[in-house]
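Below is one structure, written out as structure tokens; comments come after it.
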Amino acid sequence: MENVRSCHHGCADAHAGHPRRTFLKLASLGAGAALMSAGLPVSAARAGGKAEVLLLSCMDYRLLDDIARYMDGRGLTDKYDHVILAGASLGALVDAKPEWGATFWGHVDAAKKLHDIHKVMIIDHRDCGAYKLFLGPETAKDTETETKAHAQQLRKLAAAISAKHPDLAVELLLMALDGKVEAIPLAA
Ligand SMILES: [Zn+2]
């Protein structure tokens, strides 16, 4: 009875369950746990480990939680690098901000070297202030026009990524303000 009372979960069979929980936790650490058992710190595993994806998104404060939730839903929690530029695809392309594009390309290089990414995901979003600022408010005058404006920039950046990095897959997405995401096909 002493054992049961000391269990912080308060369940009668908790002491049969605890070792299994510990095992699952270690197993989920994967390469990090293996390296730690080899005497290397986990931080070394993280620095040289793998991310699956580089994500480019807009900076818009309204959607940051939705973006994280979407990536979690895709099973990509802690498996993506994240570059943020106002306008997402447009931010990387717009002539008015060449330094933003340079930042994007530099981070694609860094993500490949550091984390061996194999894919770039780009999430544009509706009602984007950067689209209105750089391309004019008429680009968002109705849903169809807005979708076309985003698809055009997303595909332009996808083509540039494929030209510079043919080894990288590209996925194009458009998020609504309620967090719903639609896929934009690579080809029109
Ligand atoms: Zn935006």
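The values are calculated or read from the model by the stated rules, or taken from the named source; none is laboratory data. Here the structure is a predicted model, which means the values were calculated and not measured. When we count neighbours, we look across all protein chains shown, and the Cβ atoms used for this are built from the backbone with ideal geometry, even at glycine. When the accessible area is computed, the model is the full protein with side chains, heavy atoms only, and any ligands, DNA or RNA have been set aside. Shrake-Rupley method; radii C 1.70, N 1.55, O 1.52, S 1.80 Å.
Check off (1) within 14 Å of the ligand (Cβ to nearest atom); (2) in contact (Cβ under 8 Å) with a residue 24 or more places away in the chain for Ala140 and give me the number that stays unchecked.
(2)
If I filter region 124-133 for residues that are buried (at least 20 other Cβ atoms within 10 Å of the Cβ) and part of a helix (DSSP H, G or I), do I get at least one hit?
Within region 124-133 (the criterion being buried (at least 20 other Cβ atoms within 10 Å of the Cβ) and part of a helix (DSSP H, G or I)), the answer is yes, since at least one residue qualifies.
Going residue by residue through region 124-137, is there one that turns out to be at pLDDT 95 or above and away from the ligand (no atom under 16 Å from the Cβ)?
The answer is no, given that none of the residues of region 124-137 is at pLDDT 95 or above and away from the ligand (no atom under 16 Å from the Cβ).
So Glu99 fits all but one of (1) away from the ligand (no atom under 16 Å from the Cβ); (2) among the charged types (D, E, K, R); (3) under 18 Å from Ile184 (Cβ atoms); what number is the exception?
(3)
Quick check on region 166-187: of everything there that is of a type in the set (D, E, K, R) and outside any loop (DSSP other than H, G, I, E, B), which residue is nearest to Val53 (Cα to Cα)?
Ranking the qualifying residues of region 166-187, first place goes to Glu171.
Filter region 59-96 for residues that are more than 16 Å from the ligand (Cβ to nearest atom), closer than 27 Å to Lys148 by Cβ and assigned to a helix (DSSP H, G or I) and give the result.
Of everything in region 59-96, those that are more than 16 Å from the ligand (Cβ to nearest atom), closer than 27 Å to Lys148 by Cβ and assigned to a helix (DSSP H, G or I) turn out to be Arg69, Met71, Gly73.
With open to solvent by 40 Å² or more (accessible area, probe 1.4 Å), part of a helix (DSSP H, G or I) and of a type in the set (A, V, I, L, M) as the only criterion, which of Ala111, Ala102 stands out?
Ala102
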